[in-house]
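Notes for the one structure printed next.
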Amino acid sequence: MKWRCPLWGHLHINFSVESQMRKKNKFRAVTSHHLAGYMFILPWLFGFFAFTLVPMAASLYFSFTDYDIFAAPVWSGLANFAKMMQDEVFWKSLSVTFIYVFFSVPLRLIFALAIAMLFNRRAKMLRFYQTVYYLPSILGGSIAVAVMWRRLFMSDGALNAVLGILGTPTDISWIGNENTALWTLIILAVWQFGSSMLIFLAGLKQIPESYYEAAEIDGASKITQFFRITLPHLTPVIFFNLVMQIINGFIVFTQAFVVSGGTGDPMNSTLVYSLYVYQRAFKYNEMGYGSALAWVLVLIIGIFTAIVFKSSSSWVYYESKEGQK
Amino acid sequence: MKTGVKKALLALLVLVSVVTSLALIVACGPPPKVTMRVAWWGNPTRDERTNKVIELYQKDFPNVTINPEFVSWAGYWEKINTQAAGNDLPDVMQHDYAYLLQFVSKNLMEDLTPYINSKKISLDGVSETYLSGGRVGGNLYGISLGTNAVCMVYDPAILAKAGITAPKNDWTWDDFVKIALEVYAKTKIQTLPIFYTDPKVGFENWIRQSGQSFYAKDGASLGFTDPALLEEFFNIQVQLLKAGAMVKPDVVYVNVTITEDQFSKGNSWVQYVWSNQIVATQAAAKKDLGIVMLPRIKNPTRAGTYLKPSMFFSVPKTSANKEEAAKFINYFLSNPAATKVLLAERGIPIINSVRDGIKTNVDPVTQQVFAFIDTVAKDGNSSPIDPPDPAAGAAEVLNAFRLTAQDIMFGKTSVKDGVAKFMKQANEILAKNKK
């Protein structure tokens, strides 16, 4: 779902250009100019209608039906949603996902910001290091990552070898233990900090050097500079990253899938919500129930995104807005 | 007003372009000669061999073009289910015993009996034992591509080191526990839980030995009501775990490749597999293996092991090339050149002459498997296969069983409570099959 992020940006630009144009030609709404524009985005529009909007509408309908793929869907009203309330595994996967989001999102952002700060200076080979640090994000849900995570966190894995050297030998299988398995996934998420890091880096480069120089002259320490200059200027970027990462966190699937082989083992302790949707829809052929589960997730993500947006006015600082006042 | 018209025109334009691009995708019609789709789930070896047979077939029948569709097991059923929903199933599809009934009950599969009667598919001299798995209500919906049976493989070197004689096919679960404890006492090598990735396969053998079956005949409940045998199934494993002789659950229930598993690593003396997995198991473990049937329970009323079609070839009802599909299946099953390529990768071939024809071409491990299947086929060593899994809920029951095994092995629940909870849960899930 990473590709949505640049699109977001484009959409934003689109709207702002359009609004400017509207101001100029209030009475000439559709011009040949517009038409050309629509023709250009036609492939995207096609993709959006065929692969996003129509399937979403269909799944909304299916969520109120009993549908096993083979036979036509049968309307069942709110039965799927009522079933959820009784469904132990639904609640389990919900709690797994909340723990995952609650820890992985802040940790990933802090990590991404720290690395971005490290890169925000002139040094040799910087491009090379940036690429290297972005690599984990590309590896994403590949099987190689699953193998590597096992090698790290199995009872005879690398982590225990290191612990043994440090004098605290253990034979815990971190990846197979109910209490620690989810944490290996959270660490995996933090490790894949690349995209947030690049966005932070772009944000850091926007902060005028002169602010820091002025602060230095006034005798502000590096820490004060960070909290008084860097952080406030970064709030729009933090806001953007936070929203994107919360969404990405709630829909996490691939990592959990490859590490547990799609089972959510051990004892459903890594059964993230999307994995449960997948189990219901594609393994048990309960498309109706699966769709209902998916829409509950949409609702949850909507609520959290709305909360972050609502709260943004009190902590996100836009320089341009300040200027207009 | 004018704007409105223009907007409408624009919308129309967008719609037209969307429709044309859709039409373009759909309109790529079939070329004049026969084009068929053949689908299977596989592994690299199977994919390579099957593709080679398809090549041979196209050389022998130049008018036929075959488009192969092959993916992994999990991806296969997602793909096939989607195709089924879209009336777009291939002409020949590999099928599995677990899903056959589901597809037949939705009226998606073609009865192949006429093609066998007309000798389009020639199955002369094939024993009914090998065919019955593909039958539903007297009709034949799938033709077995190979025969399979559950077994245990063990490492003879470990047993020799512990001074234990290798198990015989008439051993009991008491013997199994004794051997496991002794191996651990003498070598510190442990025992893997019984069929830990799909424990139902293991317990099915137990319950069948008692004359019952895992699912009831109508599929609307479990086939047993007395929890005693299921409790015993878990009790012996908990006993081994408590004695330290069983591999710890946090090591067992991790998704690993075959080369990383505890048997390949030499941490378990035993592994539980279907006979068509023995070759791969041996290749991963890189050591000589012994093959033995699953042990007997106390006072069995019949053999628990059965011959299972490892997979079928089936023809969907929607196929436009059913005659050609049958011709291909026949070639696949009996053409000497084709069978020499396929060997026993999909299980032991069902046609006697094919089996004899390739016996000398296969490696020593596969010959071991041939011998094992011959043993299982002997009277008294196997009993007839149960009907295919219920149409609805089977996957959910399997997962519930898997999770129950984990709960018990991790000590989250007692054997008694775990078993009771599972039986209640399974019966609730299966109740939707009531008619």
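Filter segment A:128-172 down to residues that are outside any helix (DSSP H, G or I) and under 28 Å from A:LEU109 (Cβ atoms) and give me whichever is modelled with the highest pLDDT. Filtering first and then ranking leaves A:GLY157. Starting from residues that are closer than 17 Å to B:THR404 by Cα and not polar (S, T, N, Q), keep the ones in segment B:237-246 and report whichever is nearest to the other protein chains (Cβ to nearest Cβ). Restricting to residues being closer than 17 Å to B:THR404 by Cα and not polar (S, T, N, Q), the top hit is B:LEU241.
Residue-wise test of (1) surrounded by fewer than 17 Cβ atoms within 10 Å (Cβ to Cβ); (2) modelled with pLDDT under 90; (3) within 24 Å of the chain's Cα centre (by Cα).
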| site | (1), (2), (3) |
| --- | --- |
| B:PHE214 | no, no, yes |
| B:LEU241 | no, no, no |
| B:GLY244 | yes, no, no |
| B:VAL247 | no, no, no |
| B:VAL252 | no, no, yes |
| B:THR259 | yes, yes, yes |
| B:LYS265 | yes, no, no |
| B:VAL273 | no, no, yes |
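In segment A:257-277, the residues that are within 10 Å of chain B (Cβ to nearest Cβ) reach residues that are hydroxyl-bearing (Ser, Thr, Tyr) and not in a helix (DSSP H, G or I) with C-beta atoms within less than 7 angstrom, at least six apart or across chains, in these pairs: A:VAL259/A:THR270; A:SER260/A:THR270; A:GLY264/A:THR270; A:ASP265/B:TYR253; A:PRO266/B:TYR253. Within segment A:38-57, the only residue that satisfies the criterion of being surrounded by fewer than 14 Cβ atoms within 10 Å (Cβ to Cβ) and either in contact (Cβ under 8 Å) with a residue 40 or more places away in the chain or among the hydroxyl-bearing types (Ser, Thr, Tyr) (or both) is A:THR52.
Yes or no: B:GLU323 of a type in the set (D, E, K, R), in the same structural domain as B:VAL64 (by TED's automatic domain parsing), touching a residue at least 24 places away in the same chain (Cβ under 8 Å) and farther than 22 Å from B:SER118 by Cβ? So B:GLU323 does not fit the description; no.
The set of residues from segment A:75-133 being farther than 22 Å from A:ALA181 by Cα, among the polar types (S, T, N, Q) and in contact (Cβ under 8 Å) with a residue 24 or more places away in the chain comprises A:SER76, A:ASN80, A:ASN120, A:GLN130.
When you go through B:TYR141, B:TYR97 one by one, which is the residue that is crowded, with 17+ Cβ neighbours inside 10 Å, more than 14 Å from chain A (Cβ to nearest Cβ) and farther than 21 Å from B:SER382 by Cβ? Give the derivation first.
On the way: B:TYR97 fails: farther than 21 Å from B:SER382 by Cβ.
After ruling out the rest, the residue left standing is B:TYR141.
Of the residues making up segment A:40-85, those that are within 11 Å of another protein chain (Cβ to nearest Cβ) and out of contact with any Ser or Thr (no Cβ under 8 Å at 6 or more places or on another chain) number 12. Those helices (runs of 4 or more DSSP H) of segment B:45-123 in which 2 or more residues are in contact (Cβ under 8 Å) with a residue 12 or more places away in the chain and closer than 30 Å to B:LYS432 by Cα occupy B:73-85, B:97-105. Note on segment A:282-299: among residues that are out of contact with any Leu (no Cβ under 8 Å at 6 or more places or on another chain) and within 29 Å of A:LEU242 (Cβ to Cβ), the one that is surrounded by the fewest Cβ atoms within 10 Å (Cβ to Cβ) is A:LEU299. Remark: B:THR147 falls outside the filter, which requires a residue to be farther than 23 Å from B:GLY304 by Cβ and either at pLDDT below 95 or in contact with a strand residue (DSSP E or B) (Cβ under 7 Å, 6 or more places away or on another chain) (or both).
Taking the criterion of being within 14 Å of chain B (Cβ to nearest Cβ), among the polar types (S, T, N, Q) and under 27 Å from the mean Cα position of the chain (by Cα), the residues of segment A:145-192 that qualify are A:ASN177, A:ASN179, A:THR180, A:THR184.
Reported count of residues in segment A:78-102, each being surrounded by fewer than 17 Cβ atoms within 10 Å (Cβ to Cβ) and among the polar types (S, T, N, Q), is 2. Residues that are of a type in the set (A, V, I, L, M, F, W, C) and out of contact with any helix residue (DSSP H, G or I) (no Cβ under 7 Å at 6 or more places or on another chain) were ranked within segment B:383-431; the one that is nearest to the other protein chains (Cβ to nearest Cβ) is B:LEU403.
The values are calculated or read from the model by the stated rules, or taken from the named source; none is laboratory data. Owing to the predicted nature of the structure, the values given are computational and were not obtained by experimental measurement. Positions of Cβ are generated from backbone atoms using ideal geometry, with glycine treated the same way; all protein chains shown enter the neighbour counts.
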